[in-house]
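Below is one structure, written out as structure tokens; the observations come after it.
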Amino acid sequence: MTATDVPGLEVRTAEPRFEGRRGRWVGASIPRHEDPRLLTGRGRFVDDIALTGMLHAGFVRATVAHARVTGIDLSATRAVAGVVAAYDAADLALGDIVALLDRPAEEFTPTAMPILAKDKVRFVGEPLAIVIARDPYAVEDGIEAAVVEHEVLDAIVDEATALRASTRVHDEAPDNVLLDVSMFDTPGVDEAFSHAHVTVEVTTRSGRQNALPLETRGVVASWDARDDQLLVQTCTQVPHQVRTLVARCLDVPERTVRVTVPDMGGGFGQKCVVGREEVAVAAVARRLHRPVKWIEDRREALTAGFLAREQTYRTRAAFDADGHITALDVDVVCDMGAYSCYPFTAGIEPLMASAEMPSVYRVPAYRVRGRALTSNKAPTAPYRGVSRPQYVMAIERVMEKAARALDLDPVEVRRRNVITEFPYTGVNAVTYDPGTYRESLDLAEATIREEGWYDVRASDDRAIGIGFCCFSERTGYGSEAFAKRKMTVVPGFDLSEIRMDTTGAVVVTSGTMNHGQSHETTFAQIVADRLSIDVDRVKLRQGDTERIAYGWGTFASRSVTIGGSAVALASERLGELLCRVAAHLLETRPENVAMDGDGGVVQLDDPTRRLTYEEIADVAYLRSHLLPKDVEPALTATASFDVPGDGTFSNATHAVVVEADRGTGAIRILRYVCVEDCGVVIHPQVVDGQCRGGIAQGIAGALFEEVTYDEHGEPSAASFIDYLVPTVTEIPDVSISHLETPCAFTENGAKGAGEGGTIGAPAAVLNAVNDALRHTGVELDVTPIHPRTVLSALEGGL
Amino acid sequence: MNDPHLLSLTVNGTEEEVLVEPRRTLADVLRHDLRLTGTHVGCEHGVCGACTVLVDDAPVRACLMFAVQAEGADVRTVESLDDGVRLSDLQQSFSEHHALQCGFCTPGFLMLAEGVLAESPDAEREEIREALSANLCRCTGYQTIVDAVHATATSRRETTA
């Protein structure tokens with residue numbers, strides 16, 4: 001359904017300042033280039049790699065959450081049949097992983113993450129030693145034989161114990177706070193609250209989650225004496241950052257490390273930080289001059305892999321009598337676990353929340369404090385959405401509570417506050433480029449209304465609720481936007497090189513890193529349109545640090561916005577080169593030729609004169625004496641791209657209808673509607689897939705998944721029996737509508753679509769559940785929502 | 001106890017003999033001894049279903065089965081589905097419906113679906129949905145996987161009708 005199909009709905013289309021470039025390929029759901037190999041079992045994932053003489057690695061891990069290590073004895077391990085070597089931190093003597101912010105000591109406390117724990121362990125599962133054996137079964141035997149002695153310390157497992165404890169996770173952080181930044185305190189906050197018609201207060205909390213790529217982490221490292229290089233084949237979203245950090249921890253020149261990435265079974269952010277295991281395995285392969293493989297098992301992935309999400313928002317909002325928000329005051333506390341991740345640091349979540357908390361609403365006065373706590377839990381990485389699911393949940397609960405207090409419809413409260421004029425510079429000093437915030441809200445509501453769900457809700461004696469979530473998402477942060485966070489490692493740009501060979505086929509590189517997002521297809525569409533060639537003539541190569549000088553990989557929905565723009569620019573330059581050579585060979589002026597849309601260059605004033613790309617390439621490589629004097633041989637071009645200023649924002653509204661089961665308290669989703677705007681859609685099916693998959697993960701966080709710990713810091717979910725990953729029976733079909741506001745400053749008008757689903761779903765589901773419980777007097781502000789909580793609300797409220 | 005055992009089984013129509021420790025899983029034998037790496041291992045405790053293969057025509061978790069238990073069995077993996085040139089109808093349907101993103105769970109879903117379609121060729125969408133709840137996918141949100149299998153079921157019925 002499109003906006004104009006909804007009777008009575010007037011849709012104001014945002015004025016595009018830039019007409020998105022659509023061509024023969026962009027905008028079409030063509031068959032994915034990735035599919036044939038993945039469907040036939042001929043993909044190559046990291047655990048599929050087998051090298052001659054390859055050894056296997058595993059880790060002796062901490063069994064307690066917080067302890068001083070008094071001894072590690074690996075002698076029995078080394079004696080196990082099949083075990084080749086075993087090393088602790090002292091044996092390997094590697095540099096620590098240190099991620100820094102350029103902030104004063106009162107705002108940020110630098111801490112180090114050793115590759116293997118040294119004098120102390122800080123979470124259950126922390127690696128203490130690495131065991132190398134001839135097969136993975138012997139590795140397990142060797143790990144079992146290791147003896148670790150320690151003195152157990154009190155464990156910091158929640159906000160209350162962290163802030164008042166005498167125990168320190170890191171000696172450098174006396175109060176267990178790694179970051180404490182009050183980013184905004186704009187004029188008028190207190191005045192607004194003192195004059196408020198209604199003040200709303202809410203404490204929202206989201207449980208600790210695992211991003212849970214179905215392929216666990218893994219690495220195969222090998223030493224190549226001829227290249228004088230360590231080859232690290234690893235499933236990472238950020239190959240160049242792995243290369244940089246491996247070189248630093250091993251204290252070797254970066255040119256002696258090459259990182260390549262095979263097919264990846266998902267990442268979702270868990271693989272966008274550098275893992276200590278990757279570095280340890282690389283170090284051992286270099287030391288032994290033997291290939292070494294490590295594949296994380298599921299228990300390790302659930303307990304010792306990077307986790308995410310555990311955050312608390314204490315939000316106060318003032319509203320006037322007309323339902324306009326007049327001030328927002330927020331305290332953000334994120335439990336980042338035992339260590340700061342590289343390159344983002346423990347500051348990533350509270351800093352993003354602080355910068356973007358006003359969300360899609362016109363907030364005139366804003367105060368925020370953001371803190372990152374350290375605790376004796378597995379460290380965290382920026383999982384799909386990165387604090388947005390949490391701050392969006394906080395502000396969307398505010399809207400719902402304000403609606404109740406003001407006796408207004410919740411959608412109407414949003415309508416009165418949502419940003420409608422663009423570009424809009426908010427109280428948070430962020431400029432939002434044009435989007436369809438209001439339009440998406442109107443269409444989502446109209447869809448639910450048209451389908452009769454409000455009637456069902458009113459008439460049915462079942463506990464049925466409707467929930468909304470309206471949000472935007474800054475996609476593809478450029479270096480300028482990241483620099484504002486004061487990171488010392490500032491992501492942003494990306495590079496691309498394109499080459500056409502003598503057959504006219506094209507290979508293009510990108511510093512981004514596909515791990516399910518279909519880059520091989522969508523980037524090929526972009527290139528094919530710019531060069532007017534068949535999309536099957538284009539091959540994308542990613543995930544090899546030798547092929548591109550530097551790159552920032554794939555996270556923050558940056559790939560199509562930044563990487564896609566870089567490949568578009570490189571393609572355009574190659575096209576110009578083809579035309580220049582052709583003009584020379586056709587003995588005409590460069591202005592008198594153009595690409596003909598069919599794999600050739602045509603002379604404009606005499607279309608009978610034409611050269612195919614193969615003919616031009618033949619000259620460029622094999623008969624270069626025919627080239628113009630000022631053109632170098634070969635058909636190659638390079639480009640870089642960076643998003644200027646505050647970047648671009650995708651947006652969406654989600655609408656959900658749920659039923660709370662009166663017998664069990666279980667929540668069933670009856671209807672899920674997503675209205676999204678990610679600018680120009682390169683491949684509609686792929687965008688739908690990103691939305692649906694994101695929404696599934698958001699529902700998982702809202703209703704099912706949580707990593708909990710007991711008071712000793714022992715994780716309770718070490719298998720899929722306890723960590724509840726939703727199956728097809730828990731995830732509903734989702735209907736998706738697209739609005740399209742082309743981005744003015746990306747090459748294709750695209751905005752990025754990777755994370756939106758995950759951001760919107762938790763708030764939408766939580767609001768719907770609260771609506772279903774509206775007669776009970778109970779309001780829920782915590783995810784995941786447990787059936788027992790819902791049931792007790794239903795029973796108490798009846 | 002860990003003395004090697006000579007295992008004989010048929011994999012994708014080929015008779016194979018492998019020397020295995022009794023504790024070695026069928027998944028490891030397929031992936032690492034026979035180098036059929038299309039079968040993936042996602043959890044090693046029988047929940048995610050990425051390692052699903054057909055053993056004597058029934059879907060089985062290859063991570064939960066010791067290889068020695070497959071003595072004399074007929075095993076089919078994802079590598080058996082295409083003919084080397086063309087995708088099977090089910091594989092083609094997965095591609096057309098965008099039923100895979102990263103592709104890691106896909107071989108397990110394909111083999112599960114083949115088992116389900118063989119057992120219940122008349123299955124409609126809801127029954128297919130119920131059966132596919134055996135496996136986990138983290139990328140797609142499942143909807144397009146159900147669509148793909150349902151479309152294959154429908155077209156196979158039309159072909160045999």
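Data table
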quantity	calculated
Count - residues of region A:721-752 that are more than 10 Å from chain B (Cβ to nearest Cβ) and without any contact (Cβ under 8 Å) to a residue 40 or more places away in the chain	2
Failed item in (1) touching a residue at least 12 places away in the same chain (Cβ under 8 Å); (2) surrounded by fewer than 23 Cβ atoms within 10 Å (Cβ to Cβ), with A:Val121 passing the rest	(2)
Strands (runs of 3 or more DSSP E) contained in region A:486-600 and holding at least 2 residues among the basic types (Lys, Arg) and closer than 25 Å to B:Gly103 by Cβ	A:538-541
Residue list for region A:227-244, restricted to those being surrounded by fewer than 24 Cβ atoms within 10 Å (Cβ to Cβ), in contact (Cβ under 8 Å) with a residue 40 or more places away in the chain and hydrophobic (A, V, I, L, M, F, W, C)	A:Leu230
Those residues of region B:113-127 which are within 14 Å of chain A (Cβ to nearest Cβ), surrounded by fewer than 24 Cβ atoms within 10 Å (Cβ to Cβ) and in contact (Cβ under 8 Å) with a residue 12 or more places away in the chain, in sequence order	B:Glu114, B:Val116, B:Ala123, B:Arg125
Neighbours by Cβ (under 8 Å, 6+ apart or cross-chain): first from region A:252-268, away from chain B (no Cβ under 14 Å) and surrounded by 17 or more Cβ atoms within 10 Å (Cβ to Cβ); second among the β-branched types (Val, Ile, Thr) and in a helix (DSSP H, G or I)	A:Val257/A:Val246; A:Val259/A:Val242; A:Val259/A:Val246
Residue check, A:Pro732 outside any helix (DSSP H, G or I) and in the same structural domain as A:Arg404 (by TED's automatic domain parsing)	yes
Test result for B:Phe104, within 11 Å of chain A (Cβ to nearest Cβ), aromatic (Phe, Trp, Tyr) and within 16 Å of B:Gln143 (Cβ to Cβ)	no
Total residues in region A:45-77, condition out of contact with any Ser or Thr (no Cβ under 9 Å at 6 or more places or on another chain), within 22 Å of A:Glu278 (Cα to Cα) and not in a loop (DSSP other than H, G, I, E, B)	7
Qualifying residues in region A:485-505 (those that are crowded, with 24+ Cβ neighbours inside 10 Å and farther than 21 Å from A:Thr475 by Cα) - the one farthest from the chain's Cα centre (by Cα)	A:Met500
Output for region B:22-41, where each listed residue is in contact with a helix residue (DSSP H, G or I) (Cβ under 7 Å, 6 or more places away or on another chain) and either among the polar types (S, T, N, Q) or part of a loop (DSSP other than H, G, I, E, B) (or both)	B:Pro22, B:Arg23, B:Arg24, B:Thr25, B:Leu36, B:Thr37, B:Gly38, B:Thr39, B:His40, B:Val41
Hits in region B:54-70 (condition: free of Cβ contacts under 8 Å to residues at least 40 places away in the same chain, of a type outside the set (D, E, K, R), more than 13 Å from B:Asn12 (Cα to Cα) and away from every other protein chain (no Cβ under 11 Å))	B:Val60, B:Ala62, B:Leu64
Residue that is nearest to A:Gln233 (Cα to Cα), among those in region A:203-213 that are part of a strand (DSSP E or B) and away from chain B (no Cβ under 13 Å)	A:Ser206
Residue within region A:623-630 that is surrounded by fewer than 18 Cβ atoms within 10 Å (Cβ to Cβ) and assigned to a strand (DSSP E or B) present	no
Matching residues in region B:89-118 - criterion: being hydrophobic (A, V, I, L, M, F, W, C) and in a helix (DSSP H, G or I)	B:Leu90, B:Phe94, B:Phe109, B:Leu110, B:Met111, B:Leu112, B:Ala113, B:Val116, B:Leu117, B:Ala118
Enumeration of residues in region A:340-394 that are touching a Phe, Trp or Tyr at 6+ places or on another chain (Cβ under 7 Å), among the β-branched types (Val, Ile, Thr) and over 22 Å from A:Ala211 (Cβ atoms)	A:Val360, A:Val368
Residues of region A:418-466 satisfying the condition of being assigned to a helix (DSSP H, G or I), surrounded by fewer than 24 Cβ atoms within 10 Å (Cβ to Cβ) and polar (S, T, N, Q)	A:Thr447, A:Ser459
Matching residues in region A:85-121 - criterion: being within 20 Å of A:Gly58 (Cβ to Cβ) and part of a loop (DSSP other than H, G, I, E, B)	A:Leu94, A:Pro114, A:Ile115, A:Leu116, A:Ala117, A:Lys118
Considering residues of region A:279-326 that are part of a helix (DSSP H, G or I) and in contact with a strand residue (DSSP E or B) (Cβ under 6 Å, 6 or more places away or on another chain) only, the residue surrounded by the most Cβ atoms within 10 Å (Cβ to Cβ)	A:Ala282
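Quick grid of which residues meet (1) within 14 Å of chain A (Cβ to nearest Cβ); (2) in contact (Cβ under 8 Å) with a residue 12 or more places away in the chain; (3) buried (at least 24 other Cβ atoms within 10 Å of the Cβ):
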residue	(1), (2), (3)
B:Leu6	no, yes, no
B:His32	yes, no, no
B:Thr52	yes, yes, yes
B:Gly72	no, yes, no
B:Ser80	yes, yes, no
B:Gly84	yes, no, no
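Listed here are the residues, each with its yes/no results for (1) assigned to a helix (DSSP H, G or I); (2) out of contact with any strand residue (DSSP E or B) (no Cβ under 9 Å at 6 or more places or on another chain); (3) over 30 Å from B:Pro22 (Cβ atoms).
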site	(1), (2), (3)
A:Phe123	no, no, yes
A:Val131	no, no, no
A:Ile156	no, no, yes
A:Ala162	yes, no, yes
A:His170	no, no, yes
A:Asp180	no, no, yes
A:Glu215	no, no, no
A:Trp223	no, no, yes
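The values are calculated or read from the model by the stated rules, or taken from the named source; none is laboratory data. Everything quoted here is computed from the prediction, not taken from an experiment. No Cβ is skipped: glycine too gets one built from the backbone with ideal geometry, and neighbour counts run over all protein chains shown.
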